[in-house]
Amino acid sequence: MTDTIVLGGGCFWCTEAVFQRLRGVVRVVSGYSGGHVKNPTYKEVCTGETGHAECVQVEYDPEQISLREILEVFFHTHDPTTLNRQGNDVGTQYRSVIFYATEEQKKTAEQMIEALNASGEFDAPIVTTLEPFTVFYKAEDYHQNYFNLNKNSNPYCTYVIAPKLDKYEKNFAERLKK
């Protein structure tokens, strides 16, 4: 049996690539959540006017990895202290957000944010929002598995995603898929 959590940490190409490599993750789907337009397109979401965040739906095996471990990776592979921004990507569609489906998911996320803020690990308070999950819209097919299919042909993959993955793979080596 698997569990699912929807996470927004900026560009979904980056977030997808991170979680695809994490042991215990069964499937990662890029998409949109948290907005007010039904079946939004990438072009619509990019305007920032639909209310959606670029996010990933992470399906995982709780016998191999806990929600807490998933969230630890989430918080340490993007900047959860910048409001509506990740690097050069700016707008509400790039917000740091956890779409919780259960009260247990919400409580775990709240406890983790509280502990991280108390630890002083980050230079500023965490601004990640916790929003109730309502619906997830799968992004267009060309956004799925994006980094793996385009790592040698897209400069964004080369200059933004690849260095992020290198850092991630060093910091979380024991949690990576073999």
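Report the percentage of all Cα-Cα pairs in the range 86-160 whose separation exceeds 15 Å, rounded to a whole percent. That tail contains 71 percent of the Cα-Cα pairs. Each distinct pair of alpha carbons in the chain adds a 1/r term; the inverse of their mean, the Kirkwood radius, is 16.2 Å. Think of the chain as having a plus end and a minus end, set by charges on the Cβ of Lys, Arg, Asp and Glu; of Gly87, Ile5, Ala101, Gly87 sits farthest toward the positive end of this dipole.
If the only charges are +1 at each Lys and Arg Cβ and -1 at each Asp and Glu Cβ, what is the size of the charge dipole of the chain around the Cα centre, to the nearest 20 debye?
Values: 18 positive and 24 negative charges, 93 e Å.
Around 440 debye, computed over the chain.
Checking every one of the GluC sites (Glu not before Pro) in the range 28-73 against DSSP loop status and a limit of 12 other Cβ atoms within 10 Å picks out Glu63.
Note on Lys164: lysines with a C-alpha under 22 Å away, same-chain residues under 8 apart excluded, are Lys151, Lys177, Lys178. Put +1 on the Cβ of each Lys and Arg and -1 on the Cβ of each Asp and Glu in the range 3-175; which of Ser153, Leu67, Ser119 then has its Cα farthest toward the positive end of the dipole? Checking the options against the dipole of the range 3-175, the answer is Ser153.
Each reported figure results from applying straightforward, stated rules to the coordinates on display, with no laboratory input. All of these numbers come straight from a predicted model, not from anything done at the bench. Counting neighbours? That spans all protein chains shown, and the Cβs are built from the backbone with ideal geometry, glycine included.
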